[in-house]
Amino acid sequence: MKRISLSRYLVEQQRVDGRIPPQLRLLLEVVARACKHISHSVNKGALGDVLGTASSENVQGEVQKKLDIIANEVLIEANEWGGHLAAMASEEMEGIYVVPNRYPQGEYLLLFDPLDGSSNIDVNVSIGTIFSVLKMPEGDRGVDEGDFLQAGKQQVAAGYCVYGPQTTLVLTVGDGVAMFTLDREQGSFVLVQENVQIPADTKEFAINMSNMRHWDAPVKRYVDECLAGKEGPRGKDFNMRWIASMVADVHRILTRGGIFMYPWDKREPEKPGKLRLMYEANPMGWLVEQAGGAATNGRERILDIQPTKLHERVSVILGSKNEVERVTRYHLDPSSPA
Ligand code: P6P
């Protein structure tokens with residue numbers, strides 16, 4: 001496979017397939033540059049005085065880490081001037097951010113979780129930035145929160161950048177999934193894999209086991225069957241992973257398969273789940289589907305869910321197609337055989 005830069009890959013997507021208009025290509029270049037900037041800050045750690053918590057909470061009521069705020073500011077700043085954006089929405093901000101002084105109004109909406117997995121920052125475990133791009137609805141009448149409330153299947157681009165042993169940007173524009181690793185000497189993201197495929201079967205599941213007593217019956221049944229191993233109804237042994245950084249868990253699944261679950265549980269029964277629909281489940285769900293996997297909330301395809309509010313939460317079951325379908329089947333038909 002040719003080792004080309006992200007920029008050249010995007011130009012080819014624009015020219016060869018006409019799949020992405022120049023404005024979207026430029027927007028993705030700006031997001032990638034912001035991720036490079038965040039990567040440098042993350043890699044400095046304590047040397048950059050960026051660890052620890054800020055004295056603030058985000059809209060989710062979570063204490064913000066300094067790097068959460070830095071990452072958010074980098075993305076806002078970069079896209080304010082460089083992108084073809086009408087507005088942005090972030091996990092770290094209550095409301096939308098309308099790009100000022102734009103005429104004609106930008107045609108894209110950018111949503112992001114600037115630094116997902118921030119509980120791992122101070123212990124040097126992989127974290128990441130997740131982003132999703134929607135088209136601004138037709139009609140030039142200003143932009144408001146309602147313009148963002150589009151189902152995940154309306155996305156025109158989605159991806160993440162994982163800040164781990166390598167800094168790798170993973171992207172789809174609807175033509176499969178490609179991976180680009182940051183070459184620090186060149187300062188550019190270089191194509192390392194395209195047409196990523198998730199194996200339909202797996203022996204590896206990811207869930208926070210400490211919540212077991214709070215799970216709904218279908219999830220408990222599925223995990224119990226995995227734990228029963230060879231002697232159990234699945235007839236094979238399973239392995240378990242939980243990094244508590246969705247970006248790192250999803251990257252592992254895109255790389256070698258697996259199933260990731262953050263299901264509804266009875267700790268906060270009024271919430272459909274912990275993860276956010278607009279800037280975690282939708283971008284990750286589209287990436288997983290584009291790589292041949294599946295993503296549901298236990299009952300329906302995540303990308304079909306019609307959002308009702310910006311910070312809507314959702315139950316997430318995603319990864320190897322046959323396993324996701326099994327867990328979903330257990331929700332829809334609890335009496336179905338293993
Ligand atoms: P828990 C990180 O805070 C996050 O939003 C996801 O990245 C991750 O999968 C999940 O929450 C971890 O949650 O309850 O295991 O700490």
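Please treat every number below as a calculation from the coordinates, not as lab data. Predicted, not measured: the structure shown is a model, and the values here were computed from it. Note that each Cβ is placed from the backbone with ideal geometry, even for glycine, and that neighbours are counted across all protein chains shown.
Expressed as an acute angle from 0 to 90° and rounded to the nearest 10, what is the orientation of the C-alpha long axis of helix 66-82 relative to the principal long axis of the chain?
Orientation of helix 66-82: about 50 degrees from the principal axis.
Could you calculate the FRET efficiency of ALA46 with ASN208 from 1/(1 + (r/R0)^6), where r is the beta carbon distance between them and R0 is 35 Å, rounded to 0.05?
0.80
Taking neighbour counts of Cβ atoms within 10 Å as a proxy for exposure, in what order, fewest first, do VAL196, VAL11 appear?
Ordered by Cβ neighbours within 10 Å, fewest first: VAL11, VAL196.
Calculate the all-directions average of the projected area of segment 135-216's alpha-carbon convex hull, and give it in nm².
Averaged projected hull area, Cα only: 10.3 nm².
If you count the DSSP beta bridges with both ends in the chain, what percent of them are antiparallel, to the nearest 5? Present the calculation step by step, with values, prior to reporting the outcome.
Working: 46 of 55 bridges.
Of all bridge pairs located within the chain, approximately 85 percent are antiparallel.
With no solvent and one point on each alpha carbon, what is the Debye value of log10 I(q)/I(0) for segment 86-193 at q = 0.16 Å⁻¹?
With one equal scatterer per Cα and no solvent, log10 I(q)/I(0) is -0.84.
Where the centroid of each part is defined by its Cα atoms, how far is segment 185-201 from segment 17-56 in Å?
With segment 185-201 and segment 17-56 each reduced to a Cα centre, they are spaced 18 Å.
What lysines sit close enough to LYS274 to cross-link, taking a C-alpha to C-alpha distance under 17 Å and skipping anything fewer than 8 places away on the same chain?
Cross-link targets: LYS266, LYS309.
Could you give each residue of segment 266-277 its phi-based ³J(HN,Hα) in whole Hz, using Karplus coefficients 6.51, -1.76, 1.60 with θ = phi - 60°, and x for Gly or Pro?
Ordered by residue, 3J(HN,Hα) equals 7, 5, 10, x, 6, 9, x, x, 8, 7, 8, 5 Hz.
Compute the length gained on full extension between GLN154 and VAL192: take 0.36 nm times their separation in residues and subtract their Cα-Cα distance, giving the result in nm to one decimal.
In short, 11.0 nm is gained.
Taking N as the number of residues in segment 257-312, what is its alpha-carbon radius of gyration divided by 2.2 N^0.38 Å?
Ratio of Rg to 2.2 N^0.38 Å for segment 257-312: 1.12.
Nearest 10 degrees is fine. How inclined is helix 6-15 to the longest principal axis of the chain, computing both from alpha carbons?
Tilt relative to the chain: about 80 degrees.
Please give the Cα centre distance for segment 101-139 versus segment 257-302, rounded to the nearest Å.
Computed from Cα coordinates, the inter-centre distance equals 18 Å.
Based on the alpha-carbon gyration tensor of segment 215-291, what equivalent-ellipsoid semi-axes (square roots of 5 times the eigenvalues) come out, in whole Å, largest first?
Equivalent ellipsoid semi-axes, largest first: 23, 19, 10 Å.
Given segment 6-193 reduced to its alpha-carbon atoms as identical point scatterers, what log10 I(q)/I(0) does the Debye formula return at q = 0.16, 0.17 Å⁻¹?
One equal scatterer on each Cα of segment 6-193 leads to -1.01, -1.13.
Between 0 and 90 degrees, rounded to the nearest ten: what's the tilt of helix 217-228 against the longest Cα principal axis of the chain?
70
Looking at segment 88-117, which GluC sites (Glu not before Pro) are DSSP coil and have at most 13 other C-beta atoms within 10 Å of their C-beta?
On the way: sites: GLU91, GLU92, GLU94, GLU107; in loops: GLU91, GLU92, GLU94, GLU107.
For GluC sites (Glu not before Pro) across segment 88-117 that sit outside H, G, I, E and B with at most 13 neighbouring Cβ atoms in 10 Å, the list reads GLU94.
Any chance you could tell me what percent of the C-alpha pair distances in segment 22-104 go past 16 Å?
More than 16 Å apart: 57 percent of the Cα pairs in segment 22-104.
Expressed as cubic angstrom per residue, what is the convex hull volume of the alpha carbon set of the chain?
So the per-residue hull volume is 139 Å³.
Give me the count of lysine pairs in segment 98-249 whose alpha carbons sit under 24 angstrom apart, restricted to pairs 8 or more positions apart or on different chains.
Numbers: LYS135/LYS153; LYS203/LYS220; LYS203/LYS230; LYS203/LYS236; LYS220/LYS230; LYS220/LYS236.
The number of close lysine pairs in segment 98-249 is 6.
What fraction, in whole percent, of alpha-carbon pairs in segment 204-332 exceed 20 Å separation?
Percentage above 20 Å: 39.
Can you list residues from other chains, or at least 5 along the same chain, whose modelled amide H is less than 5 Å from the amide H of ARG313?
Close amide H contacts, sequence-distant or interchain: LEU277.
When the chain is modelled as a GNM with alpha-carbon springs shorter than 10 Å, which of GLU185, GLU145, GLU62 fluctuates the most?
Result for the chain, Cα springs under 10 Å: GLU185 fluctuates most.
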